[in-house]
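Student: Got a structure here, written out as structure tokens. Questions coming.
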Amino acid sequence: MTEIERNERYNKYVEAKIAKTHAWPSLFNAFWIGGFICVLGQIFNDLLLIWFPTMATQSAWTFTLIFLIFLASFLTGLGVFDKIAVYAGAGTIVPITGFSNSIASPAMEFKNEGIVFGMCAKMFVIAGPVIVFGTVASMIVGLIYLFL
Amino acid sequence: MSDSKYQTIYFKNKPKIIGFYSIVGPKEGKGSLKEYFDYIMKDDLFGEKTYEKAERKMVEQAVMGAVYNANITPKELQLFLSGDLLNQIVTSSFAARSFDVPYVGLFGACSTMAESLAVGASLVNAGYFNNVACSTASHFSTAERQFRYPLELGNQRPPTSQWTVTGAGCCILSNKGDGPVITSATFGKVTDFGINDVNNMGSVMAPGAASTLIAHFNDTNTTPDDYDLIVTGDLGKLGSEILIDLMEDHGFKMGVNYNDCGQIIYNGKQSVLMGGSGCGCSATVLNSYILKKIKNGEYKKVLFVATGALLSATSTQQGDTIPGIAHAVVIESQENFDNSKKNVKSKKRSKK
């Protein structure tokens with residue numbers, strides 16, 4: 001048996017040995033917590049429009065996003081966000097809360113390495129790729145839109 | 001694995017563990033071995049500004065505690081052997097600044113406890129040094145940021161992942177005094193079975209552990225039944241199951257005397273998935289539970305196999321597979337060692 005064959009066999013054996021996880025409980029938690037965050041955002045949005053009748057809907061959306069980003073960062077700072085996220089999974093990652101947490105958590109983690117090369121530089125280690133892909137994707141969409 | 005001869009060395013001059021000490025974090029202090037640890041930290045920072053500094057302080061306390069338990073003065077310490085998980089083993093080297101003792105830094109990832117004991121026992125057995133401190137440590141928060149993600153990032157851990165133990169342990173080896181005796185050591189080979197999943201360390205290290213165990217049993221002409229306890233470092237639940245299967249493939253049946261430090265350090269209610277890992281895992285379990293049980297006579301002969309995954313954050317990002325290693329030491333109670341020597345002598349006499 002060559003080394004490659006041995007390794008392939010071992011990898012297959014390990015794969016089979018890993019206890020299968022069930023998707024449904026995770027999906028359920030992600031659904032209700034993710035849904036709850038969205039409802040929270042909607043309530044905030046509606047309240048804004050009630051309190052400030054002259055506010056444009058577009059501005060209310062922006063304020064809602066800022067509210068959710070702040071909330072997620074605040075909970076990250078309190079050390080609560082990751083505890084919720086263990087149960088929620090995609091429920092907290094998919095809304096803008098996940099993005100906020102992915103910036104706030106490395107900023108906190110690396111502040112000991114200094115403001116410039118620690119906090120500011122490392123702030124984007126996780127969210128950086130999302131920003132790059134997001135920018136590139138919007139450029140491509142923009143180009144397509146230009147020629148349509 | 002076929003040419004596994006001569007990996008084992010034997011210590012005839014009885015290098016003994018005359019003192020030992022363990023210090024753990026708050027989470028480990030709530031685990032199933034809580035009453036065995038010498039010191040349980042109240043918080044992960046241990047009064048320091050950073051987790052890295054806390055880890056160093058843990059090593060310093062472990063060494064000083066072991067020196068105290070060994071009933072020697074810090075001045076009598078002749079050599080400090082230590083290693084850890086952080087880049088350039090800064091924990092050990094920086095902790096060594098506070099001791100006026102020659103220092104040798106070791107790296108064997110999570111296998112460092114057995115590695116330092118094997119090297120230390122060799123030096124003591126040869127008579128070069130006396131009162132050698134063998135130590136290692138790991139910290140959940142420093143390991144996480146080096147190998148994985150920021151602490152507060154809201155992600156879910158894969159079911160095969162393990163929890164890095166916050167803890168440090170130290171043994172003082174000497175050829176004088178009393179204590180459990182290190183009788184032999186088996187140095188392990190690096191094995192790589194092509195696993196590249198950083199969240200599945202058990203399956204990375206299990207082949208390494210199997211290789212060392214097979215070499216040990218063949219070299220010493222023993223079987224798993226000859227030991228009161230065979231304990232691996234941090235294979236976790238999955239890794240231990242794989243090890244049992246791998247050993248059975250080679251004709252060795254691991255019985256109820258087999259256990260894994262990663263599986264016993266936490267209790268079932270602590271969400272650590274496959275169990276504990278890190279240098280501190282095997283170091284704290286050895287320097288509390290195991291050595292205390294050897295001292296009170298519950299265990300007479302223990303095979304301690306610390307397992308390590310030799311990866312770096314860079315190697316993982318470049319897609320390399322992860323090599324594993326395991327070193328083994330046999331620790332016997334003093335009575336057991338003396339009796340077995342007497343038996344050998346009486347056998348020789350009866351032959352004459």
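Student: Which of the residues spanning the stretch B:266-287 are part of a loop (DSSP other than H, G, I, E, B), of a type in the set (A, V, I, L, M, F, W, C) and touching a helix residue (DSSP H, G or I) at 6+ places or on another chain (Cβ under 6 Å)?
Tutor: Of everything in the stretch B:266-287, just one residue is part of a loop (DSSP other than H, G, I, E, B), of a type in the set (A, V, I, L, M, F, W, C) and touching a helix residue (DSSP H, G or I) at 6+ places or on another chain (Cβ under 6 Å), namely B:Met274.
Student: Now for a different question. Condition first: closer than 17 Å to B:Asn257 by Cα and more than 9 Å from chain A (Cβ to nearest Cβ). Can you find one or more residues in the stretch B:195-211 that meet it?
Tutor: Yes - at least one qualifying residue is present in the stretch B:195-211.
Student: Got a number for residues in the stretch B:14-30 being surrounded by 21 or more Cβ atoms within 10 Å (Cβ to Cβ) and either part of a loop (DSSP other than H, G, I, E, B) or not acidic (Asp, Glu) (or both)?
Tutor: Final tally of qualifying residues: 11.
Student: Restricting to the stretch B:115-152, count the residues that are more than 18 Å from B:Leu311 (Cα to Cα) and away from chain A (no Cβ under 14 Å).
Tutor: So the answer is 20.
Student: Within the stretch B:63-79, identify whether any single residue is surrounded by fewer than 19 Cβ atoms within 10 Å (Cβ to Cβ) and among the β-branched types (Val, Ile, Thr), and answer yes or no.
Tutor: yes
Student: Within the stretch A:82-97, can you find the residues that are in contact (Cβ under 8 Å) with a residue 24 or more places away in the chain and either of a type in the set (A, V, I, L, M) or facing chain B (nearest Cβ under 7 Å) (or both)?
Tutor: A:Ile84, A:Ala88, A:Gly89, A:Ala90, A:Thr92, A:Val94, A:Ile96
Student: Listed residues B:Thr191, B:Thr160; which is touching a Leu at 6+ places or on another chain (Cβ under 7 Å), within 13 Å of chain A (Cβ to nearest Cβ) and surrounded by fewer than 24 Cβ atoms within 10 Å (Cβ to Cβ)?
Tutor: B:Thr160
Student: Now, a different point. Among the residues in the stretch A:98-116, are any facing chain B (nearest Cβ under 10 Å), part of a loop (DSSP other than H, G, I, E, B), buried (at least 19 other Cβ atoms within 10 Å of the Cβ) and hydrophobic (A, V, I, L, M, F, W, C)?
Tutor: Yes, the conditions are met somewhere in the stretch A:98-116.
Student: Given the options B:Asp219, B:Asp245, B:Asp225, B:Asp249, name the one that is in contact with a strand residue (DSSP E or B) (Cβ under 8 Å, 6 or more places away or on another chain) and assigned by TED's automatic domain parsing to the domain that holds B:Gly188.
Tutor: B:Asp219
Student: Might you check whether a residue that is without any contact (Cβ under 8 Å) to a residue 24 or more places away in the chain and among the polar types (S, T, N, Q) occurs anywhere in the stretch B:53-72?
Tutor: No, the stretch B:53-72 has no match at all.
Student: Quick check on my filter: what residues within the stretch B:200-223 are surrounded by 17 or more Cβ atoms within 10 Å (Cβ to Cβ) and farther than 21 Å from B:Glu115 by Cβ?
Tutor: B:Asn200, B:Ser203
Student: Check B:Tyr227, B:Tyr149 and return the single one that is surrounded by fewer than 24 Cβ atoms within 10 Å (Cβ to Cβ) and touching a Leu at 6+ places or on another chain (Cβ under 8 Å).
Tutor: B:Tyr227
Student: Working carefully through the options A:Leu75, A:Leu68, find the one that is without any contact (Cβ under 8 Å) to a residue 60 or more places away in the chain, of a type in the set (A, V, I, L, M), more than 11 Å from chain B (Cβ to nearest Cβ) and buried (at least 18 other Cβ atoms within 10 Å of the Cβ).
Tutor: A:Leu68
Student: Can you tell me which residues in the stretch B:75-131 are in contact (Cβ under 8 Å) with a residue 40 or more places away in the chain, under 22 Å from B:Leu235 (Cα atoms) and touching an Asp or Glu at 6+ places or on another chain (Cβ under 8 Å)?
Tutor: B:Gly83, B:Asp84, B:Leu86, B:Gly108, B:Cys110, B:Thr112
Student: Tally the residues that are within 18 Å of the chain's Cα centre (by Cα) and modelled with pLDDT of 95 or more, restricting the search to the stretch B:311-331.
Tutor: Within the stretch B:311-331, residues that are within 18 Å of the chain's Cα centre (by Cα) and modelled with pLDDT of 95 or more number 9.
Student: Quick check on my filter: what residues within the stretch B:1-59 are aromatic (Phe, Trp, Tyr), within 15 Å of B:Phe140 (Cα to Cα) and away from chain A (no Cβ under 14 Å)?
Tutor: Selection gives B:Phe46 alone.
Student: Quick test for you: out of B:Asn87, B:Asn155, pick the one residue that is within 14 Å of chain A (Cβ to nearest Cβ) and surrounded by fewer than 17 Cβ atoms within 10 Å (Cβ to Cβ).
Tutor: B:Asn87
Student: How about the stretch A:74-116: which of its residues are out of contact with any Ser or Thr (no Cβ under 9 Å at 6 or more places or on another chain) and on the phi > 0 side of the Ramachandran plot?
Tutor: A:Gly79, A:Gly114
Student: A:Thr62 passes all but one of (1) touching a Ser or Thr at 6+ places or on another chain (Cβ under 8 Å); (2) away from chain B (no Cβ under 14 Å); which number fails?
Tutor: (1)
Student: If we only count strands (runs of 3 or more DSSP E) wholly inside the stretch B:155-259, which ones have 1 or more residues that are small (Gly, Ala, Ser) and in contact (Cβ under 8 Å) with a residue 60 or more places away in the chain?
Tutor: Where strands (runs of 3 or more DSSP E) fall fully within the stretch B:155-259 and carry at least 1 residues being small (Gly, Ala, Ser) and in contact (Cβ under 8 Å) with a residue 60 or more places away in the chain, they are B:167-174, B:181-186.
The values are calculated or read from the model by the stated rules, or taken from the named source; none is laboratory data. Remember, predicted model here, so these are calculated numbers, not experimental data. Glycine also receives a Cβ, built like all others from the backbone with ideal geometry; neighbour counts cover every protein chain displayed.
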